[in-house]
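Everything on this sheet refers to the single structure shown next.
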Amino acid sequence: MFPYVSPAALTVPGPKSKLKIERDVVGVDPVTNQLVLLASASDFEENLPFQLNLLKKHGRVKLFSKLLDSHLYVINHWIIDYLTNEQSISTIKGELLPHIISKQNSRKNCLSMQNLPDPVVNNENDIYQFAKEDELAVNIRNISLYNDNDNICDTYRNDTIRCYTYVASGNEFAVRANTLFEFYKINREILEKFPDLTKLSTDTSAISPYAEILSTQLDSKSCTVGEHSKIAEKTSIKSSIISSKCTIKNKTRISDSIIMNGVTIGENSAITNCIICNDAIVSDNCNIKDCIIGSNYVVPKDSSYSQQVLTDVDRLMEI
């Protein structure tokens, strides 16, 4: 998980819409980094119910409301075996993680590690039937001096099922491109962050050597151009992503836009703050501002559009 930074003012292409930020309430044991609570903030209005047994068990629980799940998970193989049998669980974040945390916090979890009998009759799909530890791991832990909780309790608090999280410090660069806003935002920021992320020199060009560029009005510091793209002379391009196999014809102006693979833009057109998807065609003398153009869509000659989504009705939008 990583801290969520409130977004700066940014005009996203397409119809105007209110940015809705999905937030989670996350509870973490500050000593062990054990994840003890994960819930959507939208599920609660004013009060957050909290189990007192969690405080009794962990001593302290640190609550966060501005963390984003990076959706990078490392799991034990027994969970795969469990999911094979429990086919009602279809999502990791929405169903599996809350289920694992719930079972981790239950009394039966502790009984399972201590090999104590449980009053509830087990069934073959019970998660504790899959979370058995092998005898070697148990023996190693019993003779080890390691303790994950300052020696207040037994190692792992006698839990068989355990779920942990890593909370980034905030100095790392992390983003989830799962919304149109985040997708557009990361494309605008990536050139600025690229030298730090790759440890390459700031003088390293993001212009492919296999691109054919005849224009002298392309800002190499704020643009990328993919391989086999062709940019004609007298063309102005600023703060834009030009992907592979694109054709930009004469006297065209492009700024603050994302142009995906195979796009063709005709002569004397102006493209401002747009996302143009794969293999779309913008004909001559067009003025397109704050729009999203779907893949394979053809914008007619002499067209003018603003804050619209242009796509074929029978074709799904792919970004």
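Structural remarks
- Under the criterion of Cα pairs below 8 Å and six or more residues apart, the relative contact order for the chain equals 13 percent.
- Rolling a 1.4 Å probe over the protein heavy atoms gives the chain an accessible area of 60 Å² per residue.
- Gaussian network model of the chain, springs between alpha carbon atoms under 10 Å - residue of I292, I127, I254 with greatest fluctuation: I127
- Rounded to 5, the percent of DSSP beta bridges in the chain classed as antiparallel: 25 percent
- Net charge of Cβ neighbours under 10 Å - reference K230; Lys, Arg +1; Asp, Glu -1: +1
- For the chain, alpha-carbon Rg over 2.2 N^0.38 Å: 1.35
- Kirkwood hydrodynamic radius over Cα pairs of the stretch 179-318, then Stokes diffusion coefficient at 4 °C and 1.567 mPa s, in µm²/s: 86 µm²/s
- Carbon + sulfur, % of accessible area of the chain - ligands and nucleic acids excluded, 1.4 Å: 50 percent
The values are calculated or read from the model by the stated rules, or taken from the named source; none is laboratory data. This one's a predicted model, so the numbers in the text were calculated from it and none came from an experiment. Quick reminder, even Gly has a Cβ in these numbers, built from the backbone with ideal geometry, and neighbours come from all protein chains shown. For the accessible areas, the whole protein counts, side chains as well, though only heavy atoms, and no ligand, DNA or RNA atoms are used. Shrake-Rupley method; radii C 1.70, N 1.55, O 1.52, S 1.80 Å.
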